[in-house]
Amino acid sequence: MATRTPKSASKGPAKRSTPARTTSAKRTTASAGRPRPRTGASGRKSSVAHPDPISWVFTMIGKLIVGLWMLFAGGVGSMARALGNNARELDPAHRRDGLGLAWLAAAIVLASMTWRNADGAVSGVVNATVRGVFGSLAWALPLLLGLLAWRYMRHPDQNADTGRMVIGWAALLVGVLGVIHVANDTPYPAGEGQGMDKVSAAGGMVGFIVSAPPMSILPSWITIPLLLLLSAFGVLVITATPVHRIPERLAELRHLLFERQSDPLPREPSRKRPRTKKPAGDGEGGDGVKPYDTPVLSEKDKERAEHSPEIVPGLTDEEDAAVAAAAAAEAEAGRRPPEPPLPTPAPRKVEQLVLSPQAGPYALPDLQFLKPGTAPKPQTKANTTVVNALTSVLEQFSIDAQVIGFTRGPTVTRYEIELGPAVKVEKVTALTKNIAYAVKSADVRILSPIPGKSAIGVEIPNADKDLVALGDVLRSQVAQADHHPMIVGLGKDVEGRTIVANLAKMPHLLIAGATGAGKSVCVNGLITSILMRSTPDEVRMVLVDPKRVELSVYEGIPHLITPIITNPKKAAEALEWVVGEMDRRYDDLAASGFRHVDEFNKAVRAGKLQPPPGSERVYQPYPYLLVIVDELADLMMVAPRDVEDSIVRITQLARAAGIHLVIATQRPSVDVVTGLIKANVPSRLAFAVSSLTDSRVILDQPGADKLVGQGDALFLPMGASKPIRIQNAFVSEKEIAEIVAHCKTQMQAEYREDVAVAPVKREIDEEIGDDLDLLIQAAELIVTTQFGSTSMLQRKLRVGFAKAGRLMDLLESRNVVGPSEGSKAREVLVKPDDLPGLLADLRGE
Ligand SMILES: Nc1ncnc2c1ncn2[C@@H]1O[C@H](COP(=O)(O)OP(=O)(O)OP(=O)(O)O)[C@@H](O)[C@H]1O
């Protein structure tokens, strides 16, 4: 079989070629009548009818030479190809190193020929040529080549930047040479009183070419500004400054030149610490919590080694990061230090419904307490690699689609894929695993479509993340423009936009995520945002921290109405207190005819609300009440029913009363985040979770299982159908401690006594449930009459047989009556004297 195929294959062409050959042979024979050389169709050859031996020898020698030449050329060619292949296998960085060295050599050679009076024909020609071309700036050419060499070797991975630099410097050089040429009366290379000498002494041929044409039609006072404009363009390209950002860049420059020495944050002496005292890369030295701190595996060091400090300033050196990011933050704020909202004046004297009286003015903490994050990186080599990987996946599967661009966010980059006509979206979405394989990342999330765009989004984590700092978020224009006291900084979205949210509008928020996903940092961010922007008479807080350590730093802040609640049982009580507070506020709203506490407050501030005649009451504005529960699971373990009841009541009604809940949990399972709680907490913030099920519990859709952790989150505000992906803002423990200290110096915390105190009925047995009142009546009846009869309970309490039987069972289980004795009444085990104690027990007191 194996031999047959070539045979038959060779037969085909042979058969096909035979007639042709036969025909031509016949034709030749017919025309010449004798055999002719097969090559010979030309007249010249056909005229050589009898080649003599000498010419034959020459012909053969010629053929030999041609053959040898072809052999040599083939050898050189294949050698070059082999070398080329090897060169292709070289690390691109090495190739660029080679290029850099070549430029350096050229710079040195050029400098040796142009910077000194070298004799020698070659030097003379090179010198004259360089001067002829670049005129009086010929001396700068070796420097520019040296600079190019340095860039190639220093940043082998920044091709695009090097290209930009070359273009920028070229534009600058051409513009300046033109100006020099005009300044020297625009000499021509030939003509009377002109010549190359004069051209070389002015702007050279470059200067001539760029200045002579405009000078022939325009006066010099127009030509020079035009040339200066070209030079300015070069400077903008070199510094990568779009025109609209010139003021910011100038501000940065001023900052670097004049203000860097005088620390922009003088309140923090620690900033001046010598670098060596801090472990390298410890972005928040001594803070405990560091941004992107990986608790299990320390990949940070590896990452740090892979990125030059210029690319990832935040992860390598705190001071550089601080300076770079300060510049960026200032640039963002247009160099104007952001103004904190004005402190609210001391409240008027109040007499009722007071959470705690406040004396003296209260100054909000300075925003400088919060450090800036890292400046966002526009594009890195990793992005180009991913674009190539995506393109090749689409090509491999022959899908008519292309990557049309990407948006780099702080943690992930979203690549946009546009489909060709009649290509199914599913063709790309079905490739999730292949894309993940090609880009070497398991956390690929596909968005189809990107909201507001006809494109599919592929979100891939960045190897080099940006640090989003709470300080930058709160300093942003969007946060500064809104003075609502419940505005909190959430972070930045994939497009780098700052995301702030109004807790009052949420109106309640559920935060969930696995351990280490960034929940605690988020809760800290929310509380810190409030501390930064609101006075205690605007916002009051109840903090519930069953884990005991997460929120302890806030102990003593004046915004608290009760010490931080760490005991889950007391937490349930505090939630009940909140329900009571809500009811009190509702009573006020109902009595005054307002529908929201904001309207009520407005009326009170305007003095429009008068207490009813005869009442001693003095109205005063209600502060917002923010209740933060850091671990719902711990509460649900202790008193699931009470906690759920309170949460549901609060969430259903509290909005109008200015009471808002933030519930965090690391166990987003259905027994913790029950259907009732979910239905009543409309805004969700999901950090990375381990399973699709968890993601569905929080968001009612997948997505959170594809997050990368460390503050990467999906935010689903009330009413939205698609979550927004954000990188949560980071705030360090050190910053929090400073802010808390400031708040404490402004005002003492004055706690209400009754918040976490058990109201009358507390530890009611779950078994009793809603029957407590009936049970107490039954116990009273039986103990006072000493007659343990079910039918008596039926008659006296007017309940059915089943209920009476249940009450009797409950009393039996609590040793109030003995076991059933058939139709006889049960024995009563508690004496009338012990009744008060029994009732207190039943009430759980
Ligand atoms: N927004 C963020 N920016 C940068 N890094 C973050 C961010 N949020 C969290 N991290 C990093 O992730 C680590 C873990 O975060 P965090 O302590 O908030 O997790 P958690 O979900 O609260 O975990 P646990 O439930 O175990 O307390 C932090 O120490 C920090 O290094």
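If ligands, DNA and RNA are left out, what is the accessible area of residue 742 with a 1.4 Å probe, given in Å² to the nearest 10?
40 Å²
Region 495-566: which GluC sites (Glu not before Pro) are DSSP loop and have at most 16 other beta-carbon atoms within 10 angstrom? All intermediate terms of the calculation are to be shown ahead of the outcome.
Numbers: sites: 495, 538, 550, 555; in loops: 495, 538, 550, 555.
The qualifying sites are 495, 555.
Once phi is turned into ³J(HN,Hα) by the Karplus curve 6.51 cos²θ - 1.76 cosθ + 1.60 with θ = phi - 60°, what whole-Hz value does each residue of region 526-536 show in order, with x for glycine and proline?
Couplings: 5, 5, 5, 4, 5, 4, 6, 10, 10, 8, x Hz.
Taking amide H positions as placed in the peptide plane 1.01 Å from N, state which residues far from residue 730 in sequence (5 or more) or on other chains have amide H under 5 Å from it.
Correct list: 468, 469, 470.
Not counting ligands, DNA or RNA, and with a 1.4 Å probe, what is residue 454's accessible surface area in Å² rounded to the nearest 10?
Its heavy atoms expose roughly 110 Å² to the probe.
What do you reckon, how do 751, 554 stack up by accessible area (1.4 Å probe), largest on top? Working shown, then result.
Values: 751 75, 554 0 Å².
Of 751, 554, the descending order of accessible area is 751, 554.
What is region 772-843's relative contact order, in percent, from Cα pairs under 8 angstrom and six or more apart in sequence? Mind dumping the intermediate values first?
Details: 78 pairs, mean separation 27.2, N = 72.
Computed value for region 772-843: 38 percent relative contact order.
Tell me, what is the 1.4 Å probe accessible area of residue 427, in Å² to the nearest 10?
Near enough 110 Å² of accessible area.
Please list the non-local residues whose amide H lies under 5 Å from the amide H of residue 510, H modeled 1.01 Å from N, same-chain partners needing a gap of 5 or more.
Excluding prolines and chain starts, which carry no amide H, the hits are 663, 683, 684, 685.
Do any of 453/706; 453/734; 547/678; 492/734 go past 30 Å between their Cα atoms, and which? Please report the intermediate quantities before stating the final value.
Working: 453/706 22 Å; 453/734 42 Å; 547/678 22 Å; 492/734 22 Å.
Distance filter (> 30 Å) returns 453/734.
In whole percent, how big is the carbon plus sulfur part of the accessible area of region 772-843, probe 1.4 Å, protein atoms only? Could the numbers behind the result be given before it?
Numbers: 1970 of 3930 Å².
Ligands and nucleic acids excluded, carbon and sulfur reach 50 percent.
Counting pairs of Cα atoms in region 401-537, how many percent are more than 19 Å apart?
Values: 5644 of 9316 pairs.
Every Cα pair in region 401-537 considered, those over 19 Å come to 61 percent.
Take the Cβ-Cβ distance between residue 430 and residue 720 as r, set R0 to 30 Å, and report the resulting FRET efficiency rounded to the nearest 0.05.
0.65
If amide H atoms are built 1.01 Å from N in the plane of the peptide, which residues on other chains or at least 5 residues away come under 5 Å of the amide H of residue 541?
Long-range HN contacts for residue 541: 560, 561, 626.
Which of the peptides 216-224, 539-547 is most tightly packed, and how do the rest follow, judged by the mean count of other Cβ atoms within 10 Å per residue? Numbers along the way, then the final one.
Values: 216-224: 12.9, 539-547: 23.3.
For the peptides 216-224, 539-547, the packing ranking is 539-547, 216-224.
Evaluate the Kirkwood expression for the hydrodynamic radius of region 492-633, namely the inverse of the mean inverse distance over all pairs of different C-alpha atoms, and round to one decimal in Å.
On the way: mean 1/r = 0.0581 Å⁻¹.
About 17.2 Å, per the Kirkwood formula over Cα pairs.
Sorting 114, 790, 785 by accessible area (1.4 Å probe), largest first, what list results?
Working: 114 10, 790 35, 785 70 Å².
Per-residue accessible area, sorted high to low, gives 785, 790, 114.
Restricting attention to region 101-208, which trypsin sites (Lys or Arg not before Pro) occupy a DSSP loop and are surrounded by at most 15 other Cβ atoms within 10 Å? Can you show the working numbers first?
Values: sites: 116, 131, 151, 154, 164, 198; in loops: 116.
Answer in residue order: 116.
What do you reckon, how do 465, 433, 706 stack up by accessible area (1.4 Å probe), largest on top?
433, 706, 465
Which trypsin sites (Lys or Arg not before Pro) from region 602-642 combine a DSSP loop assignment with at most 11 other Cβ atoms within 10 Å?
On the way: sites: 602, 605, 608, 617, 641; in loops: 608, 617.
Qualifying residues, ordered by number: 608.
Can you compute 3J(HN,Hα) from phi for each residue in region 65-72, using the Karplus curve 6.51 cos²θ - 1.76 cosθ + 1.60 with θ = phi - 60°, rounded to whole Hz and x for Gly and Pro?
Whole-Hz 3J(HN,Hα) from phi for region 65-72: 4, 4, x, 4, 4, 5, 4, 5.
Considering the alpha-carbon set of region 92-247 alone, what are its Rg and its Dmax in angstrom?
So, for region 92-247, Rg and Dmax equal 17.3, 53 Å respectively.
Taking the solvent-accessible surface of protein heavy atoms with a 1.4 Å probe, what is the per residue accessible area of region 385-544 in Å²?
Details: 5670 Å² over 160 residues.
Ligands and nucleic acids excluded, the result is 35 Å² per residue.
Counting only heavy atoms of protein chains, what accessible area per residue, in Å², does region 772-843 have with a probe of 1.4 Å? Write out the running numbers ahead of the final one.
Numbers: 3930 Å² over 72 residues.
Ligands and nucleic acids excluded, the result is 55 Å² per residue.
Using label points projected 7 Å from each Cα along Cα→Cβ, tell me how many nm separate residue 690 and residue 423, to one decimal.
My value for the distance between the label points is 3.9 nm.
7 Å from Cα along Cα→Cβ at both residue 188 and residue 638: what's the point-to-point distance in nm?
Spacing of the two 7 Å Cα→Cβ label points: 9.7 nm.
With label points built 7 Å along Cα→Cβ from the Cα atoms of residue 645 and residue 679, find their separation and express it in nm.
Placing both labels 7 Å along Cα→Cβ, they lie 1.8 nm apart.
Each residue of region 553-565 in order: what ³J(HN,Hα) in whole Hz does its phi give by Karplus 6.51 cos²θ - 1.76 cosθ + 1.60, θ = phi - 60°, with x for Gly and Pro?
4, 8, 4, x, 6, x, 6, 7, 9, 8, x, 4, 8
Enumerate the whole-percent occupancy of each 10 Å bin, from 0 to the last occupied one, for all C-alpha pair distances of region 772-843.
Each 10 Å bin holds this share of Cα pairs: 23, 61, 16, 0.
The values are calculated or read from the model by the stated rules, or taken from the named source; none is laboratory data. Small disclaimer: the values here were computed from a predicted structure and weren't measured. All Cβ positions, glycine included, derive from the backbone under ideal geometry; neighbour counts span all protein chains shown. Please note that ligands, DNA and RNA were not included when accessible areas were found on the heavy atoms of the full protein model with its side chains. Shrake-Rupley method; radii C 1.70, N 1.55, O 1.52, S 1.80 Å.
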